[in-house]
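The values are calculated or read from the model by the stated rules, or taken from the named source; none is laboratory data. Note that the coordinates shown come from a computational prediction; the quantities given were computed from them, not determined experimentally. Heads up, the Cβs are rebuilt from the backbone with ideal geometry, glycines too, and the neighbour counts pull from every protein chain shown. SASA here: full protein model, heavy atoms, side chains in, ligands and nucleic acids out. Shrake-Rupley method; radii C 1.70, N 1.55, O 1.52, S 1.80 Å.
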Amino acid sequence: MKNILTIDLEEWFHANYHENIFDNQNSYEVRIVQNTKRLLSLFEEYNAKATFFVLGFVAEKHPQLIRDIAASGHEIASHGYGHQLIYEQTPDEFKADVSKAKILVEDIIGKSVKGYRAPSWSITPKSLWAWEILQELGFIYDASVFPIETYLYGLPSSPRFPHHPKHEGRLLSLLEVPSSTVRIFNQNIPFAGGFYFRVLPYLVISQCIKAVNREGQPVLVYLHPREIDPGQPRLKLSLKESLIHYYGIKSCEQKLIRTLKEYEFTSIEQYYEL
Ligand SMILES: [Zn+2]
């Protein structure tokens with residue numbers, strides 16, 4: 001069966017472990033163009049299609065890159081504009097950020113954007129109101145929920161598979177497509193992207209993909225362009241944050257290639273025929 005591939009299209013410095021890690025006004029080194037082109041050539045080589053959740057900040061600086069991604073047959077979706085955690089914004093601030101990003105990207109690709117993913121999975125019990133705003137802004141689906149609990153993110157009460165969430169008793173038309181987990185000893189265990197993908201051996205990841213597929217569901221893999229870039233500049237982070245951000249960067253591209261060789265991938269839009 002097919003699985004789902006997603007990329008959060010942001011720069012190497014867009015991290016939210018603590019406040020003020022980055023400032024979008026600074027002129028940092030640009031790594032996104034070369035890293036995205038590398039991903040596009042790998043996806044072409046292994047005939048994979050993906051959903052790219054594009055950060056408005058990146059789209060504004062590199063509109064041709066976004067057109068190139070779309071022209072390669074991938075889905076363009078939104079990652080908001082400034083990469084701030086949702087639960088640290090007011091509903092009005094969140095609405096302004098996402099609305100600006102949606103219009104910006106739609107102008108670049110000349111078609112409407114159907115999906116949204118929050119910076120750092122920040123739809124949590126503190127920010128469920130975000131679903132209502134996304135629906136109001138015309139999004140068809142959201143992919144911002146991780147059904148686990150961590151210090152930074154997670155909505156442990158969420159179903160593991162796509163569903164229409166309820167907010168304050170109302171069933172929403174917005175489709176929620178959560179990040180993948182496997183069930184081990186009654187726990188949801190993450191494996192399919194980011195730090196988890198970098199830290200786990202390929203054979204473990206592959207067994208987890210097979211386990212989810214045996215449940216009749218696709219796995220949703222997620223990665224960032226910076227995760228295949230060992231030459232990126234380093235952020236000033238604590239030891240723990242450094243580990244989360246950089247562990248396994250050197251071997252990540254090879255692991256991605258093995259995954260692309262063994263499994264077939266498509267975008268969220270194509271998988272669910274949205
Ligand atoms: Zn992000």
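Tell me which of these residue 179 doesn't satisfy, since it passes every other one: (1) more than 18 Å from residue 146 (Cα to Cα); (2) in contact with a strand residue (DSSP E or B) (Cβ under 9 Å, 6 or more places away or on another chain); (3) among the polar types (S, T, N, Q). Evaluating residue 179 over (1) more than 18 Å from residue 146 (Cα to Cα); (2) in contact with a strand residue (DSSP E or B) (Cβ under 9 Å, 6 or more places away or on another chain); (3) among the polar types (S, T, N, Q) leaves (1) as the failure. Entry remark, the stretch 151-165: residues being open to solvent by 30 Å² or more (accessible area, probe 1.4 Å), out of contact with any strand residue (DSSP E or B) (no Cβ under 9 Å at 6 or more places or on another chain) and either over 20 Å from residue 218 (Cβ atoms) or among the acidic types (Asp, Glu) (or both) number 3 in total.
The set of residues in the stretch 184-198 that are touching a strand residue (DSSP E or B) at 6+ places or on another chain (Cβ under 9 Å), assigned to a helix (DSSP H, G or I) and either open to solvent by 30 Å² or more (accessible area, probe 1.4 Å) or of a type in the set (Val, Ile, Thr) (or both) contains only 196. What residue, among those in the stretch 56-73 that are touching a helix residue (DSSP H, G or I) at 6+ places or on another chain (Cβ under 7 Å) and in a loop (DSSP other than H, G, I, E, B), is surrounded by the fewest Cβ atoms within 10 Å (Cβ to Cβ)? Checked the stretch 56-73; the qualifying residue surrounded by the fewest Cβ atoms within 10 Å (Cβ to Cβ) is 72.
Between 53, 22, 13, the distinction of being of a type outside the set (A, V, I, L, M) and either outside any loop (DSSP other than H, G, I, E, B) or more than 16 Å from residue 226 (Cβ to Cβ) (or both) belongs to 53 only.
Which one is farthest from residue 33 (Cα to Cα), of the residues in the stretch 227-250 that are of a type in the set (Ser, Thr, Tyr) and open to solvent by 40 Å² or more (accessible area, probe 1.4 Å)?
Restricting attention to the stretch 227-250, the residues satisfying the condition of being of a type in the set (Ser, Thr, Tyr) are 238, 242, 246-247.
Remaining after also requiring open to solvent by 40 Å² or more (accessible area, probe 1.4 Å): 238, 247.
On the way: 238: 28, 247: 22 Å.
Across the stretch 227-250, the extreme among qualifying residues is 238.
Scanning the stretch 107-126 for residues that are more than 19 Å from residue 222 (Cα to Cα) and either within 16 Å of the ligand (Cβ to nearest atom) or small (Gly, Ala, Ser) (or both) yields 110, 112. Residues that are part of a helix (DSSP H, G or I) and farther than 14 Å from residue 223 by Cα were ranked within the stretch 251-270; the one that is least open to solvent (accessible area, probe 1.4 Å) is 268.
Does residue 227 satisfy the criteria of being touching a Phe, Trp or Tyr at 6+ places or on another chain (Cβ under 7 Å) and of a type outside the set (A, V, I, L, M)?
Values: touching a Phe, Trp or Tyr at 6+ places or on another chain (Cβ under 7 Å): no; of a type outside the set (A, V, I, L, M): yes.
No.
With respect to (1) in a loop (DSSP other than H, G, I, E, B); (2) more than 16 Å from the ligand (Cβ to nearest atom); (3) of a type outside the set (A, V, I, L, M, F, W, C), the lone exception for residue 80 is condition (2).
Can you name every residue in the stretch 199-215 that is open to solvent by 10 Å² or more (accessible area, probe 1.4 Å) and either closer than 17 Å to residue 147 by Cα or outside any loop (DSSP other than H, G, I, E, B) (or both)?
Going through the stretch 199-215, the residues open to solvent by 10 Å² or more (accessible area, probe 1.4 Å) turn out to be 199-204, 207-208, 210-211, 213-215.
Correct list: 199, 202, 203, 204, 207, 208, 210, 211, 213, 214, 215.
Hey, can you tell me all the residues within the stretch 16-34 that are aliphatic (A, V, I, L, M), closer than 25 Å to residue 68 by Cβ and buried (at least 16 other Cβ atoms within 10 Å of the Cβ)? Reasoning before the result, please.
Step one: of the stretch 16-34, the residues aliphatic (A, V, I, L, M) are 21, 30, 32-33.
Narrowing the set further to residues that are closer than 25 Å to residue 68 by Cβ leaves 30, 32-33.
Once the filter is applied, which keeps residues that are aliphatic (A, V, I, L, M), closer than 25 Å to residue 68 by Cβ and buried (at least 16 other Cβ atoms within 10 Å of the Cβ), the stretch 16-34 yields only 32.
Return yes or no: is residue 36 among the polar types (S, T, N, Q) and more than 25 Å from residue 123 (Cα to Cα)? Explain how you work it out, then say what you get.
Working: among the polar types (S, T, N, Q): yes; more than 25 Å from residue 123 (Cα to Cα): yes.
Considered against the rule, which asks whether it is among the polar types (S, T, N, Q) and more than 25 Å from residue 123 (Cα to Cα), residue 36 comes out as yes.
Somewhere in the stretch 45-53, is a residue buried (at least 20 other Cβ atoms within 10 Å of the Cβ) and without any contact (Cβ under 8 Å) to a residue 60 or more places away in the chain? Yes, the conditions are met somewhere in the stretch 45-53. Looking only at the stretch 162-183, residues that are farther than 23 Å from residue 113 by Cβ and not in a strand (DSSP E or B) come to 2 in all.
Scanning for something exposed (fewer than 15 other Cβ atoms within 10 Å of the Cβ) and within 15 Å of the ligand (Cβ to nearest atom), does the stretch 96-106 turn up at least one residue? No, there is no match, as no residue in the stretch 96-106 is exposed (fewer than 15 other Cβ atoms within 10 Å of the Cβ) and within 15 Å of the ligand (Cβ to nearest atom).
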